[in-house]
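Following: one structure in structure tokens, then a few remarks.
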């Protein structure tokens, strides 16, 4: 009589494929393809030199600075701040400060109501020209792009440590052209807005 051999269900299978090796191989291939795609998007030194050699000037018009609309509530808040400051100065008998607060309040109102000028900006192979005044690229070490609802702005960071940055305004239609020109000469290092910029936006000044 032949004996029937039954397999033990608890025994491990003899030849089961290892999915981990296959998954690792697929991930490796995907990473290699992504790296290859990134390398294809980068310019070679020869292509970079050719772009700089064929560079032409690019010009556009934009506002001198971002001008926010200020309603009656904004001026009422300013008046309230000036009144509080003057009241504190009166209580402390700071008579000169009273005059200073009045002059300061008047100056803020005049500046807030003054419309910005429209300037002519131009990027050349040597530098950037703002309303006829040219600054060479060698005066700057990098630039930072800051997006805004109305205008985009670029801050050119100077080489000299304590020199103020040069701010340039432009709209969305000029974005690719302007950033492309600057990347031929300077490195792009985007930075978040500083405290002054955030406060200015909050106060709509």
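Taking residue 89, is it under 30 Å from residue 128 (Cβ atoms) and either outside any helix (DSSP H, G or I) or modelled with pLDDT under 90 (or both)?
no
Yes or no: the stretch 52-63 includes at least one residue that is modelled with pLDDT of 80 or more, over 24 Å from residue 179 (Cα atoms) and in contact with a helix residue (DSSP H, G or I) (Cβ under 9 Å, 6 or more places away or on another chain).
No, there is no match, as no residue in the stretch 52-63 is modelled with pLDDT of 80 or more, over 24 Å from residue 179 (Cα atoms) and in contact with a helix residue (DSSP H, G or I) (Cβ under 9 Å, 6 or more places away or on another chain).
Have a look at 183, 150, 138, 189 and point out the one that is modelled with pLDDT under 85 and exposed (fewer than 15 other Cβ atoms within 10 Å of the Cβ).
So the residue among 183, 150, 138, 189 that is modelled with pLDDT under 85 and exposed (fewer than 15 other Cβ atoms within 10 Å of the Cβ) is 150.
Take residue 143 and decide whether it is without any contact (Cβ under 8 Å) to a residue 60 or more places away in the chain and within 27 Å of residue 177 (Cα to Cα).
yes
Scan the stretch 154-180 residue by residue and report those that are within 16 Å of residue 118 (Cβ to Cβ) and in contact with a helix residue (DSSP H, G or I) (Cβ under 9 Å, 6 or more places away or on another chain).
168, 170
Report whether or not residue 81 is outside any loop (DSSP other than H, G, I, E, B) and in contact with a helix residue (DSSP H, G or I) (Cβ under 6 Å, 6 or more places away or on another chain).
So residue 81 does not fit the description; no.
The values are calculated or read from the model by the stated rules, or taken from the named source; none is laboratory data. Please read all numbers here as calculations on a predicted model, not as lab measurements. Cβ coordinates were reconstructed from backbone atoms using ideal geometry, including for glycine residues, and neighbour counts include every protein chain displayed.
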